[in-house]
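Colleague: Got a structure here, written out as structure tokens. Questions coming.
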Amino acid sequence: MRGNDPDSAAASFEVEAAGGVVIDDGRVLVVHRPRYDDWSLPKGKLDPGETHEQAALREVAEETGHVCALGRRIGDITYTDHRGRSKRVRYWVMTATDGGTGFVPNDEVDELAWVGVESAYALLSYERDRAVLRRALASRPHLPPTGDGDS
């Protein structure tokens, strides 16, 4: 585990990552990863010495071109990655604080999309990402937490 993380004693993971659910005006930002041909929430591995919060902000900026403000921590998901390693991803709700003109398609993320909530549920490739989105929206009563009512 990293630094003085209060959750570090709870479990040990081979891969630590962080990311965000970027929400703006009822839309959710999702990314397409060509390596896996999937749609996901922006996230990535921690750099040495980096906190989860720092990694979440950096990874979202790198993958989407958006500078964001960190909001409420949503929670963690854990799973076994494609290489068989145990992985924990810690997520936060985020708000874009800029116009996001910095996105450049690359071999990690070749496309991004601002989509309505229902479309996000349909587009996200993994149930774990849909679960994170549900948690993010649960505290935002003006947005449908279950994927109903896309506008």
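FYI, it's all coordinate maths here, none of it is from the lab. Bear in mind the structure is a predicted one, so any value in this text is a computation, not a measurement. As a convention, Cβ positions derive from the backbone with ideal geometry for all residues, glycine included, and neighbour counts pool all protein chains shown.
Colleague: Test each condition in (1) closer than 22 Å to VAL15 by Cβ; (2) over 12 Å from the mean Cα position of the chain (by Cα) for VAL104 and report the one that comes out false.
Modeller: (1)
Colleague: Check ASP98 against each of (1) touching a strand residue (DSSP E or B) at 6+ places or on another chain (Cβ under 8 Å); (2) within 21 Å of ILE23 (Cα to Cα) and name the one condition it does not meet.
Modeller: All conditions pass for ASP98, except number (1).
Colleague: For the subset of the stretch 40-73 comprising residues that are under 12 Å from the mean Cα position of the chain (by Cα) and of a type in the set (Val, Ile, Thr), which member is farthest from ALA138 (Cα to Cα)?
Modeller: Ranking the qualifying residues of the stretch 40-73, first place goes to THR64.
Colleague: Tally the residues that are hydrophobic (A, V, I, L, M, F, W, C) and free of Cβ contacts under 8 Å to residues at least 24 places away in the same chain, restricting the search to the stretch 64-103. It would help to see each step written out before you state the result.
Modeller: Step one: list which residues in the stretch 64-103 are hydrophobic (A, V, I, L, M, F, W, C), which gives 67-70, 74, 77, 89, 92-94, 96, 103.
Adding the requirement that they be free of Cβ contacts under 8 Å to residues at least 24 places away in the same chain leaves none.
Count: 0.
Colleague: With the requirement that a residue be crowded, with 21+ Cβ neighbours inside 10 Å and part of a loop (DSSP other than H, G, I, E, B), what does the stretch 32-45 give you?
Modeller: LEU41, PRO42
Colleague: Being in contact (Cβ under 8 Å) with a residue 40 or more places away in the chain, out of contact with any His (no Cβ under 8 Å at 6 or more places or on another chain) and over 13 Å from VAL15 (Cα atoms) is the filter here; which residues of the stretch 51-61 pass it? Give the steps one after another, and end with the answer.
Modeller: Our first condition is that a residue be in contact (Cβ under 8 Å) with a residue 40 or more places away in the chain; within the stretch 51-61, this holds for 51-52, 59-61.
Cutting the leftovers down to out of contact with any His (no Cβ under 8 Å at 6 or more places or on another chain) gives us 51-52, 59, 61.
Scanning the stretch 51-61 gives THR51, GLU59, ALA61.
Colleague: Something else about it: Exactly one condition in (1) over 19 Å from SER125 (Cβ atoms); (2) surrounded by fewer than 19 Cβ atoms within 10 Å (Cβ to Cβ); (3) touching a residue at least 60 places away in the same chain (Cβ under 8 Å) is not met by PRO48; state its number.
Modeller: With respect to (1) over 19 Å from SER125 (Cβ atoms); (2) surrounded by fewer than 19 Cβ atoms within 10 Å (Cβ to Cβ); (3) touching a residue at least 60 places away in the same chain (Cβ under 8 Å), PRO48 is out only on (3).
Colleague: Report the residue count in the stretch 85-101 for those that are under 16 Å from the mean Cα position of the chain (by Cα) and over 19 Å from GLY71 (Cβ atoms).
Modeller: Qualifying residue count for the region: 2.
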